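What follows is one structure encoded as structure tokens, with my remarks underneath.
Just so it is clear, none of the values below were taken in a lab; they were calculated from the coordinates. Computed from a predicted structure; not experimentally measured. Positions of Cβ are generated from backbone atoms using ideal geometry, with glycine treated the same way; all protein chains shown enter the neighbour counts.
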Amino acid sequence: MPFHCTIGRRRFPLSIVAGGLALAVCTPSALAESSTPISIRSRQVELHYRVTGSADAEVELWYTRDRGLTWHRWGKDEDRASPIVFSAPGEGLYGFVMIAHVAGSPTRPAPTSYESPQRWVFIDATPPLAQWDGAEPADDFATNRTLQLRWTAHDDNLTARPIRLMYQSTIDQAWHSIDEAVANTGLYDWKVPESLGGQITLKLIVRDQGEHVVERTFGPLALDRYVANSISAKPPAAGDANPQAAGDASSRPAAATQPASTARVDLLKQRMAADLHRQASWHLGRGQYAVAAERLREAIDQDPDLLEARQDLAGIFYRQQDYDRAVAEYQTVLGRNPNHESALYGAALAYVAKRDYHQSREMLTRLLAVNDRNAEAWLDLGDVLFMMGDVINARGQWRRALKVDPAATEAIAKAQRRLELYGPADELGRAGNPESLGSR
């Protein structure tokens with residue numbers, strides 16, 4: 001007397017054997033298949049069956065929620081018509097056993113403790129809750145290129161590694177994998193590929209045991225700005241953001257006409273200095289600051305006008321909290337090139353560390369005279385003025401940070417937060433400008 005049971009939309013043939021109900025799928029792997037749960041995304045499970053050979057047969061359903069330790073009788077299908085509609089009392093793993101009753105007698109005993117079910121079903125009607133909590137560059141992003149990804153994902157039925165992380169760049173618009181299977185710790189340190197720059201968008205994918213898939217995107221994020229901030233701003237360090245290359249004649253002051261022999265010697269020294277600077281940059285990229293500082297000093301000995309080497313050395317002093325020496329190197333760079341943007345910015349930050357806010361204000365004002373579209377500089381100038389007690393002008397500079405560069409999303413967000421915390425927007429019009437601040 002064949003018996004068929006379909007769970008959800010999938011159909012599983014069963015048959016009455018030796019007074020009981022056993023799996024009889026027409027493949028050798030039938031029993032192995034029965035041990036693998038299928039996933040149902042609803043608490044309403046339809047159990048379809050067909051009974052032949054007995055017009056008065058009834059079907060009784062039993063289920064377990066603790067892997068067969070205990071069994072619960074659901075009851076009989078009173079209308080004796082397929083399907084049985086089983087309403088799950090909760091989500092999770094269920095095992096089912098069906099027993100045919102012929103002439104009022106069961107064809108097999110009720111299931112006992114630790115008996116294997118005829119079919120496992122995982123019921124999960126609720127998709128995961130998921131959101132991005134942020135993505136922040138780690139300290140020294142320019143060298144370690146670590147971006148800390150943070151998220152929140154919750155579901156009662158997540159797997160051990162339910163998270164997938166991906167990114168999309170503005171270059172090719174394709175989605176690329178960061179990691180295919182991540183534990184739901186809410187934190188992931190991503191080593192951003194060296195070749196990846198520009199803006200990126202992140203994607204969080206959460207999959208539960210019920211095969212619900214939830215996707216959340218975050219971004220765009222400006223990687224180049226993270227690099228620039230890490231190099232020249234927080235704190236200043238290797239790899240000057242100034243576009244002039246190390247050893248380039250445009251990055252050094254003009255020299256007077258020299259005899260040919262002297263010029264040849266100077267050219268050799270410049271090449272040697274450039275090579276030492278490249279070695280220093282290699283060590284800086286690996287966090288080997290002591291060796292990098294030694295190579296930079298050797299480069300400066302060979303070519304005192306190699307301003308990028310001085311800039312990098314000042315950045316190392318800043319990291320070591322030797323702010324006096326950092327300021328001295330920045331000022332040496334500015335003595336040779338008064339409009340060196342990275343040196344102006346680095347000096348401003350070093351003066352802040354020394355609590356010399358007047359000098360920091362002067363450096364930032366000079367920087368903005370060179371490049372008035374530097375949103376970070378406007379933001380920092382507002383911070384310096386705020387620390388000096390000039391709240392009205394501080395608001396004005398934060399207001400400027402909102403407008404000068406729409407791509408500076410991080411600086412804009414910080415400026416908006418400061419304006420929300422420290423005063424109404426209608427007072428911003430009374431703020432001054434950098435030119436007027438120079439005499440304060």
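Suppose the chain between Thr146 and Asp133 were pulled fully straight at 0.36 nm per residue; how much longer would it get relative to their current alpha carbon spacing? Intermediate values should be presented prior to the final figure.
On the way: separation 13, 0.36 × 13 = 4.68 nm, distance 1.67 nm.
Gain on extension, Thr146 to Asp133, equals 3.0 nm.
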Cα-based reach from Lys203 at 22 Å (exclusive), listing lysines while leaving out same-chain residues under 8 positions away: Lys191
Any idea how far the Cα center of region 379-401 sits from the one of region 340-375, in Å? 13
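Of the peptides 94-106, 335-347, 304-316, how do they stack up when ordered by the mean number of other Cβ atoms within 10 Å, highest first?
Details: 94-106: 17.5, 335-347: 21.5, 304-316: 25.8.
Ranked from most to least packed, the peptides come out as 304-316, 335-347, 94-106.
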Where labels lie 7 Å past Cα in the beta-carbon direction, separation of Arg80 and Thr185 in nm: 6.1
Which order, highest average first, do 274-281, 214-221 follow once you tally other Cβ atoms within 10 Å for each residue and take the mean per peptide? 274-281, 214-221
Leaving out same-chain residues fewer than 8 places away, which lysines sit with a Cα under 20 Å from that of Lys414? Lys234, Lys403
How would Leu402, Leu284 line up from fewest to most surrounding beta-carbon atoms within 10 angstrom? Leu402, Leu284
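Among residues other than Lys76 whose Cβ falls under 13 Å from its Cβ, what is the net charge (Lys/Arg +1, Asp/Glu -1)? Before the final figure, lay out each step's value.
Working: positive: Arg73, Arg80; negative: Asp56, Glu58, Glu60, Asp77, Glu78, Asp79.
Charge balance near Lys76 sits at -4.
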